1. Name the most mobile residue of Glu30, Glu46, Glu89, meaning the one with the largest mean-square fluctuation, in a Gaussian network model of the chain with Cα contacts below 10 Å.
2. If you average the sequence gap of Cα pairs under 8 Å that are 6 or more apart and divide by the length of the chain, what percent do you get for the contact order?
3. Can you find, among Gln117, Ser25, Ser87, the residue farthest towards the positive end of the dipole of the chain? Put +1 on the C-beta of Lys and Arg, -1 on that of Asp and Glu.
4. Which value in nm describes the separation of the simple spin-label points at Ser87 and Ser124, placed 7 Å from the Cα toward the beta carbon?
5. Under the Karplus relation 6.51 cos²θ - 1.76 cosθ + 1.60, θ = phi - 60°, what is the ordered set of whole-Hz ³J(HN,Hα) values for region 61-69, x standing for Gly and Pro?
6. For Phe68, which sequence-distant residues (separation of 5 or more, or a different chain) have an amide H within less than 5 Å of its own amide H, given hydrogens modelled in the peptide plane?
7. List, in order, the whole-Hz ³J(HN,Hα) value for each residue of region 105-111 obtained from phi through the Karplus relation with A = 6.51, B = -1.76, C = 1.60 and θ = phi - 60°; use x for Gly and Pro.
8. Could you rank the peptides 20-28, 58-66 by their average count of other C-beta atoms within 10 Å per residue, with the highest value first?
Amino acid sequence: EVQLQASGGGFVQAGGSLRLSCAASGFAFERFDIGWFRQAPGKERETVSCVSADDEDPYYTDSVKGRFTISRDNAINTVYLQMNSLSPEDTAVYYCATDTFYYCSGPKLYDLSHWGQGTLVTVSS
């Protein structure tokens, strides 16, 4: 079965850093674009970042540009999201997900077939 498991969340003070991991299995990981998404309390889910299969032209939402870095290691089927200079506005449950025709350069989609469980990031002021 297709699985994407997010981990690495936790509590951090404003200005701190966390690195999230998304471990994938059950599909040809190296051929898929992988997205990171988040949902804050009382808000809709949004795309945070996306890394393409060819590892080119990563996507970042404006609010995280310059602070977050997405990367992938195809050897171990893992995508990372390095989050620096965190602020309370980054508090959310973070998810990784993909689908057969999901592309970083395409529309921002939220009905993807393959979602992992989220990992909670809490940033205190």
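1. Comparing Glu30, Glu46, Glu89 in a Gaussian network model of the chain, the most mobile one is Glu89.
2. 36 percent
3. Ser87
4. For the pair Ser87/Ser124, the computed spacing is 2.0 nm.
5. For region 61-69, the Karplus-derived couplings read 5, 4, 5, 10, 4, x, 10, 9, 9 Hz, x marking Gly and Pro.
6. Those qualifying (amide H under 5 Å, at least 5 residues apart or on another chain) are Asn84.
7. Rounded to whole hertz, the list is 7, x, x, 7, 10, 10, 9.
8. The most tightly packed comes first, giving 20-28, 58-66.
Bear in mind these aren't lab numbers, they're just calculated from the coordinates by the rules spelled out. On a predicted model such as this, the values are computed, not experimentally measured, just so you know. Here Cβ is always computed from backbone atoms with ideal geometry, including for glycine, and neighbour counts include all displayed protein chains.
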